[in-house]
Amino acid sequence: MASFGQTFDASAVEPSNYDVLPPGKYLAQIIASEMRATKDGNGQYLYLELDILDSQHAGRKLFDRLNLVNANPDAVQMAQRTLSSICRAVGKWQVSNSEQLHLIPLIADVRVRPPKGQYGESNSVRYLPRTPAAANAASFAPAPPTAQAPAAHPGVVGQAQTPPANGLPWKRQA
């Protein structure tokens with residue numbers, strides 16, 4: 001048992017709103033992330049917490065899970081593609097820590113998944129760059145790495161980084 005030290009009045013505080021967000025594109029940013037063990041303990045997923053930054057839903061949270069370590073190769077491939085989308089949306093071609101993706105605005109294209117089993121409706125998220133220029137820069141064919149300083153990519157916000165030759169920022173270069 002934990003004493004509050006005073007009486008809490010629930011009528012004075014609005015309850016949390018866990019309703020799904022309506023479909024749409026929202027300006028958002030990742031504010032927290034961590035690797036967590038899967039329920040069966042045989043894998044890990046990257047847990048992401050996002051804040052909505054605009055519209056009447058500003059301040060609402062979105063959550064996502066990317067199964068980066070899993071016995072199912074399809075689940076891993078889907079998670080890696082989503083991570084690639086996030087990296088491209090924030091202009092980071094190579095990351096070694098999920099914190100490098102924090103606090104950089106991106107577009108969260110939110111959709112509503114229908115109820116499944118015991119669970120009600122839920123949101124799914126696609127990640128898009130904030131600007132069309134960044135989208136164009138993110139869709140070019142990756143250049144092979146060079147020994148010189150990385151070239152700037154037009155329209156990419158933040159420090160310019162050359163994308164890896166294999167187009168997969170989470171895989172090590174040979």
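Since every read-out is calculated from the coordinates, none of them should be taken as a lab result. Model, not experiment: these values are computed from the prediction. Note that each Cβ is placed from the backbone with ideal geometry, even for glycine, and that neighbours are counted across all protein chains shown.
List of remarks:
- Alpha carbon centroid spacing (whole Å) that separates the range 88-114 from the range 14-60: 11 Å
- Protection proxy ranking, peptides 44-56, 72-84, 108-120, average beta carbon neighbours within 10 Å, highest first: 44-56, 72-84, 108-120
- Entry for the range 19-135 at q = 0.19, 0.23 Å⁻¹: log10 I(q)/I(0) = -1.09, -1.44, Debye formula applied to identical alpha-carbon scatterers, no solvent contribution.
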